[in-house]
Amino acid sequence: MAGVAGRVALVTGAGSPGGIGFAIARSLVVGGARVAVTATSARIHDRGRELGCFSDTADLTDPAATARLIGRVTEGLGPIEILVNNAGMVQTGKAVEDRTLHELTDADWAHHMALNLTTAFHACRAVLPGMAARGHGRIVNIASVTGPVVTFAGASAYATAKAGMTGLTRSIALEYGAYGVTCNAVLPGWIASESQTEAEAQAGLATPLGRSGTPAEVAACALFLASDAASYVTGAMLVVDGGNVLQDMKG
């Protein structure tokens with residue numbers, strides 16, 4: 001993929017072997033990028049060994065930890081040219097039940113904002129000055145169709161955070177485009193990742209394509225947006241959901 005080979009790329013939230021983050025990291029490695037992967041748990045080192053790439057743990061909800069991670073990646077591989085913000089949705093050891101809005105506690109709300117939006121903010125803020133100074137950068141935010149285009153009961157905090165990611169995407173695209181930096185978002189629908197529930201798998205059967213997507217299919221879209229082939233694409237929201245948002249009646 002033109003513009004990926006030799007580039008230094010950081011993929012966050014890549015700890016799950018069956019997840020979207022790991023699939024994206026693998027596609028970048030295959031494309032010839034120099035890849036770093038991160039997650040909150042030590043299993044990220046297993047993913048790093050599988051891919052033969054740099055790995056490190058970091059809690060990206062913490063700005064100091066984020067800055068340390070960026071420093072270690074830069075020292076080990078060089079300045080980050082591609083950032084894929086995949087961290088979010090779930091975090092090892094931290095589960096939050098679905099609740100209607102009035103049932104949400106302040107802690108529930110803060111958890112979703114921190115995990116799904118603040119992580120991306122911290123990582124973007126850390127890499128953008130260097131990207132702008134060098135005149136090149138690719139940021140790909142893995143958001144969701146939930147929030148920007150659809151939602152479901154009990155997911156108000158998650159949906160709000162993911163919608164916020166698309167606002168962050170557009171703002172970065174506008175503010176940094178003149179410096180050679182593009183920022184786009186991928187919005188997955190029902191994806192057969194390691195964390196998919198049985199109910200979500202059933203919902204995937206009701207899409208126009210009759211199945212859930214795969215992490216590799218999301219990764220292919222992220223790889224394109226991270227490459228120089230997408231050099232004139234910025235501020236875009238790429239829906240990857242098998243056409244599910246097209247239909248009023250599902251199932």
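Values computed for the structure shown
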item: Residues within the stretch 209-232 that are exposed (fewer than 15 other Cβ atoms within 10 Å of the Cβ), within 22 Å of Ala178 (Cα to Cα) and either in contact with a helix residue (DSSP H, G or I) (Cβ under 7 Å, 6 or more places away or on another chain) or among the hydroxyl-bearing types (Ser, Thr, Tyr) (or both), tallied; result: 2
item: Residue match in the stretch 194-210 (condition: within 26 Å of Ala33 (Cβ to Cβ) and without any contact (Cβ under 8 Å) to a residue 60 or more places away in the chain); result: no
item: Check on Asp98, at pLDDT 95 or above and acidic (Asp, Glu); result: no
item: Tabulated pairs, the stretch 42-53, first free of Cβ contacts under 8 Å to residues at least 24 places away in the same chain, second surrounded by 13 or more Cβ atoms within 10 Å (Cβ to Cβ) and not in a loop (DSSP other than H, G, I, E, B), C-beta under 7 angstrom, 6+ apart or interchain; result: Ala42/Thr57; His45/Ser55; Gly48/Val37; Gly48/Phe54; Gly48/Ser55
item: Condition met for Arg72 (crowded, with 21+ Cβ neighbours inside 10 Å, basic (Lys, Arg) and farther than 20 Å from Thr182 by Cβ); result: no
item: Checking Pro148 against (1) more than 22 Å from His111 (Cα to Cα); (2) touching a strand residue (DSSP E or B) at 6+ places or on another chain (Cβ under 7 Å), the condition it does not meet; result: (1)
item: Near pairs, Cβ below 6 angstrom, 6+ apart or cross-chain, from the stretch 218-230 (on the phi < 0 side of the Ramachandran plot) to any residue that is assigned to a helix (DSSP H, G or I) and buried (at least 22 other Cβ atoms within 10 Å of the Cβ); result: Val218/Ile20; Ala219/Ala23; Ala219/Ile24; Ala219/Ser27; Ala222/Ile24; Leu223/Ser27
item: Boolean, Thr160 is surrounded by 21 or more Cβ atoms within 10 Å (Cβ to Cβ), among the β-branched types (Val, Ile, Thr) and either touching a strand residue (DSSP E or B) at 6+ places or on another chain (Cβ under 9 Å) or touching a residue at least 40 places away in the same chain (Cβ under 8 Å) (or both); result: no
item: Subset of the stretch 129-180 that is assigned to a helix (DSSP H, G or I), of a type in the set (Gly, Ala, Ser) and within 17 Å of the chain's Cα centre (by Cα) - its residue that is nearest to Ala222 (Cα to Cα); result: Ala173
item: Odd one out for Thr105, checked against (1) at pLDDT 95 or above; (2) within 23 Å of Glu194 (Cα to Cα); (3) surrounded by fewer than 19 Cβ atoms within 10 Å (Cβ to Cβ); (4) among the polar types (S, T, N, Q); result: (2)
item: Matching strands (runs of 3 or more DSSP E) fully within the stretch 1-90 where at least 3 residues are within 15 Å of the chain's Cα centre (by Cα) and modelled with pLDDT of 95 or more; result: 8-12, 34-39, 82-85
item: Every residue from the stretch 163-178 that is surrounded by fewer than 19 Cβ atoms within 10 Å (Cβ to Cβ), under 20 Å from Val145 (Cβ atoms) and in contact (Cβ under 8 Å) with a residue 40 or more places away in the chain; result: Arg170
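The values are calculated or read from the model by the stated rules, or taken from the named source; none is laboratory data. Computed from a predicted model, the values in this text were never measured in an experiment. Every residue, glycine among them, receives a Cβ derived from its backbone with ideal geometry; neighbour counts consider all protein chains shown.
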